[in-house]
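Visitor: Quick one: structure below, then a few questions.
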Amino acid sequence: MSLTLYGFDGSPYVRTVKMLLKEKGAEFNQLQVNVMKGEPHSPEHLARNAFGKVPVVDHDGFRVIETAAIMSYLDEVLPGPSLTPKTPRDRARSHMAQSIYDSYGYGSMVPVFGYYLFPDFIGGQNDASRLQGIEKSKLVLTELMKIKGSDPFLAGPSLSIGDLYLAPACAYLAMTPDAEQVFAINGFADWWSRIQALPSFTSTPPQ
């Protein structure tokens, strides 16, 4: 089997895919495509993904773009524990978590952690955007913790793709002075402790 991941270790979405690969115990090669240097828009990478995005996966000559498609595909074709919940309701919970993060979470969190960690990448430090991002991030985490309920993970008793979506951005937020405020959401601390203890999390730090 040949499996290549194209993507920058600093990308939360690339880390999401790497966490899945670690959970599966899969062997893979990674080719760094540095977002900070504009490499996704190089002719070489545009031939892989015409939209100039990472991650991209090539599995035995079959190329997959878009994180949702990559995660679903790899979870199905790779051996190892499934990260797709068994019941329709828990699958819906995982899908909701993924969609909420994609639609509202990432765009809310980047202005917060980017303010401190990647100011040039987000066009400079904008206090108004950061403060708005804090409030929107709190709303996102509040709704995700409602989906989680009393379960240990977002979609039930076991780790799911929904958890892997959220974890990398939270790791960046945890590096900022705003983390305490953003994370002060009922149910979050318990979930975050479990995520931080995962070998797939500890073995995939951003570079």
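The values are calculated or read from the model by the stated rules, or taken from the named source; none is laboratory data. No experiment lies behind these values; they were computed from the predicted model shown. FYI the Cβ positions are ideal-geometry reconstructions off the backbone, even for glycines, and counts take in every protein chain you see. Surface areas here come from the heavy atoms of the whole protein model, side chains and all, with no ligands, DNA or RNA. Shrake-Rupley method; radii C 1.70, N 1.55, O 1.52, S 1.80 Å.
Visitor: Taking the Cα of Gln125, stepping 7 Å toward and past its beta carbon, and measuring to each backbone N in region 175-198: which are under 17 Å?
Guide: 175-179
Visitor: In what sequence, highest mean first, do 118-127, 161-170 appear when ranked by Cβ atoms within 10 angstrom? All intermediate terms of the calculation are to be shown ahead of the outcome.
Guide: Working: 118-127: 12.1, 161-170: 26.0.
For the peptides 118-127, 161-170, the packing ranking is 161-170, 118-127.
Visitor: Would you work out the relative contact order for region 3-77, in percent, from Cα pairs under 8 angstrom that are 6 or more residues apart?
Guide: Worked out over region 3-77, it gives 36 percent.
Visitor: Among Ala179, Ala92, Ala189, which one shows the biggest mean-square fluctuation in a GNM of the chain, springs joining Cα atoms closer than 10 Å?
Guide: Ala189
Visitor: Give me the percent of DSSP beta bridges within the chain that run antiparallel, rounded to the nearest 5.
Guide: Among the beta bridges of the chain, antiparallel pairing accounts for roughly 75 percent.
Visitor: Mind putting a number on the dipole of the chain about its Cα centre? Charges go on the C-beta only, +1 for Lys and Arg and -1 for Asp and Glu, and I need it in Debye to the nearest 20.
Guide: Computed about the Cα centre, the dipole is about 320 debye.
Visitor: Indicate, rounded to the nearest 5 percent, the antiparallel portion of the DSSP beta bridges found entirely in region 3-77.
Guide: Among the beta bridges of region 3-77, antiparallel pairing accounts for roughly 75 percent.
Visitor: Anything in the chain that counts as a DSSP H helix reaching 27 Å or more along its axis (C-alpha) with Kyte-Doolittle mean of at least -1.0? List them, would you? Don't jump to the answer; show the numbers that get you there.
Guide: Numbers: long enough: 127-148 (31 Å, -0.21).
Result, helices passing both filters: 127-148.
Visitor: Follow-up. Which shape class, rounded, prolate or oblate, goes with the chain when its Cα gyration tensor gives a ≥ b ≥ c as root eigenvalues, a/c under 1.5 marks rounded, and past that a/b bigger than b/c marks prolate?
Guide: oblate
Visitor: If you don't mind, there's one more thing I want to ask. Using the heavy atoms of the protein chains alone and a 1.4 angstrom probe, what is the accessible area of the chain per residue in square angstrom?
Guide: Numbers: 9930 Å² over 207 residues.
Result: 48 Å² of accessible area for each residue.
Visitor: How much of the accessible area of the chain, in percent, comes from carbon and sulfur atoms when a 1.4 Å probe is used? Each step should come with its number before you reach the end.
Guide: Details: 5270 of 9930 Å².
Roughly 53 percent, rounded to a whole number.
Visitor: Using DSSP to define loop residues, name the trypsin sites (Lys or Arg not before Pro) in region 36-105 whose beta-carbon has at most 15 other beta-carbon atoms within 10 Å.
Guide: Lys86
Visitor: If you don't mind, there's one more thing I want to ask. Starting from the Cα gyration tensor of region 51-130, take the square roots of the eigenvalues, sort them a ≥ b ≥ c, and report rounded, prolate or oblate (rounded when a/c is under 1.5, otherwise prolate if a/b is larger than b/c, else oblate).
Guide: Here region 51-130 falls in the oblate category.
Visitor: Still on this structure, I have one more. Of Val112, Pro88, Pro152, which is farthest towards the positive pole of region 74-207's charge dipole, taken about the Cα centre with +1 and -1 on the beta-carbons of Lys, Arg and Asp, Glu respectively?
Guide: Positive-end residue among those listed: Pro88.
Visitor: Run through region 51-116 and list the chymotrypsin sites (Phe, Trp or Tyr not before Pro) located in a DSSP loop whose Cβ has at most 11 other Cβ atoms within 10 Å. Walk me through the numbers before you get to the answer.
Guide: Numbers: sites: Phe51, Phe62, Tyr73, Tyr101, Tyr104, Tyr106, Phe113, Tyr115, Tyr116; in loops: Phe51.
Taking region 51-116 and a limit of 11 other Cβ atoms within 10 Å, the loop chymotrypsin sites (Phe, Trp or Tyr not before Pro) found are Phe51.
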